[in-house]
Amino acid sequence: MIQLFLPLNFLGFVYREIRRALTDLENMLGLLNKKPQVTERPNAQNLILTNGDIAFNNVSFSYNANRPILNDISFKINAGSKVAVVGASGAGKSSLARLLYRFYDVSSGTITIDNQAIDSVTLNSLRSAIAIVPQDTVLFNTTIRENIAYGRPSATGTEIDKAIEMAHLKDFISTLENGDKTLVGERGLKVSGGEKQRIAIARAILKRSPILIFDEATSALDSHAEQAILNAMRAVTQNHTSVVIAHRLSTIIDADNILVFNKGELAEQGTHSALLLKNGQYAQMWQLQQQED
Ligand code: ATP
């Protein structure tokens, strides 16, 4: 009986693996078949990064013609500074980040990096200048280490170790029997939202892009997890131009400038203390969150 069971069991395993591979392939082809939202101009030049200054000039945007999402937005982000974007859910914060990475094109206005319109440069040069830590990171069905290395496949082992350390992942990894060789993703270890974000931060560190976009997860993190992410963020935002989309205002009080969005409009901007003095929308949000805490 056992002689029959083992080969059948093995055949079952092979069958499941082939089906899995086919599903992955289908998913990949599905992605490839999608019509690109943006196209590169035939004469596009590579982005020449001098400082990493970003400017939004009278930017309006909508996904569908009949529903405006961002309305005549203008602001500047100085090279090396940290800018926070805050506002109610649905205010258009993530859309702003998607425009900067050119997942979509603006409906009107321009976005420039070091005075070059982002729609006039090659997509490759634009996207290698920017690292994104998204709200919901996709983890591939492979090891934690390979998931991090994806940030820059040519990175050395030492560089990966350094990124793990800077992203404050070392303690978490040391609790796993197989360390950073542990499989994660759909078919591997389930990791928490905070751990996932730190894996994404390690990826971003490895990418070594001068501009960093950090889209903070909405999920309420406990204060220990939040502190770990904050420490990781501080490490990665040093010497970078960074845009932090934040839900918890306590995480961005040290930002050089805070942009407050309301229903697609830039309602106010300033430092934490200047906005509190102004006693406007930011001050209201701050008081509300303090009470909740
Ligand atoms: P949150 O704080 O909840 O992440 P947000 O301020 O980042 O919200 P966005 O994600 O920019 O808001 O969304 C702004 C508006 O655009 C929302 O009303 C949303 O429903 C809409 N929207 C977002 N993505 C798309 C899309 N792909 N197609 C159509 N509408 C979209």
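The values are calculated or read from the model by the stated rules, or taken from the named source; none is laboratory data. Small disclaimer: the values here were computed from a predicted structure and weren't measured. Please note: Cβ atoms are built from the backbone with ideal geometry, for glycine as well, and neighbour counts cover all protein chains shown.
Only one of the numbered conditions (1) exposed (fewer than 15 other Cβ atoms within 10 Å of the Cβ); (2) more than 8 Å from the ligand (Cβ to nearest atom); (3) modelled with pLDDT under 95; (4) on the phi > 0 side of the Ramachandran plot is not met by GLY90, and that is (2).
The set of residues in region 162-197 being within 16 Å of ALA149 (Cβ to Cβ) and of a type in the set (A, V, I, L, M) consists of ALA163, ILE164, MET166, ALA167, LEU169, ILE173, LEU183, VAL184. For THR142, which of the numbered conditions (1) of a type in the set (Ser, Thr, Tyr); (2) under 26 Å from ILE48 (Cα atoms); (3) surrounded by 15 or more Cβ atoms within 10 Å (Cβ to Cβ) fails to hold? Evaluating THR142 over (1) of a type in the set (Ser, Thr, Tyr); (2) under 26 Å from ILE48 (Cα atoms); (3) surrounded by 15 or more Cβ atoms within 10 Å (Cβ to Cβ) leaves (2) as the failure. Residue pairs whose Cβ atoms lie under 8 Å apart, sitting 6 or more positions apart in sequence or on different chains, and linking a residue in region 248-273 that is under 24 Å from ARG67 (Cβ atoms) to a partner that is crowded, with 20+ Cβ neighbours inside 10 Å and of a type in the set (Lys, Arg), are PHE261/LYS93. Scanning region 244-266 for residues that are within 12 Å of the ligand (Cβ to nearest atom) and of a type in the set (Val, Ile, Thr), we see that the one that is farthest from GLY87 (Cα to Cα) is ILE245. Looking only at residues that are assigned to a loop (DSSP other than H, G, I, E, B), touching a strand residue (DSSP E or B) at 6+ places or on another chain (Cβ under 6 Å) and of a type outside the set (Val, Ile, Thr) in region 45-74, which one is surrounded by the most Cβ atoms within 10 Å (Cβ to Cβ)? Taking the candidates together, the pick is GLY52.
For region 52-70, the set of residues classified as modelled with pLDDT of 95 or more, within 12 Å of the ligand (Cβ to nearest atom) and not aromatic (Phe, Trp, Tyr) consists of SER62, ILE69, LEU70, listed by residue number.
Condition first: closer than 29 Å to SER250 by Cβ and touching a residue at least 24 places away in the same chain (Cβ under 8 Å). Can you find one or more residues in region 175-183 that meet it? Scanning region 175-183, I find no residue that is closer than 29 Å to SER250 by Cβ and touching a residue at least 24 places away in the same chain (Cβ under 8 Å), so the answer is no. Looking only at residues in region 73-87 that are touching a residue at least 60 places away in the same chain (Cβ under 8 Å) and not small (Gly, Ala, Ser), the one that is farthest from the ligand (Cβ to nearest atom) is ASN78. Here the condition is being surrounded by 16 or more Cβ atoms within 10 Å (Cβ to Cβ), of a type in the set (Gly, Ala, Ser) and either within 13 Å of the ligand (Cβ to nearest atom) or under 30 Å from ALA283 (Cβ atoms) (or both); of ALA131, ALA97, it holds for ALA97 alone.
Please verify whether region 108-120 includes one or more residues that are part of a strand (DSSP E or B) and within 19 Å of ILE258 (Cβ to Cβ). Give the derivation first.
Of all residues in region 108-120, those part of a strand (DSSP E or B) come to 108-113, 116-117.
Going one step further and asking which of them are within 19 Å of ILE258 (Cβ to Cβ), we end up with none.
Scanning region 108-120, I find no residue that is part of a strand (DSSP E or B) and within 19 Å of ILE258 (Cβ to Cβ), so the answer is no.
Test ARG234 against the stated conditions and say whether it is part of a helix (DSSP H, G or I) and buried (at least 16 other Cβ atoms within 10 Å of the Cβ). When the stated conditions are applied, ARG234 does not pass them. Checked against (1) surrounded by 19 or more Cβ atoms within 10 Å (Cβ to Cβ); (2) within 16 Å of the ligand (Cβ to nearest atom), ASP105 passes all but a single condition, namely (1).
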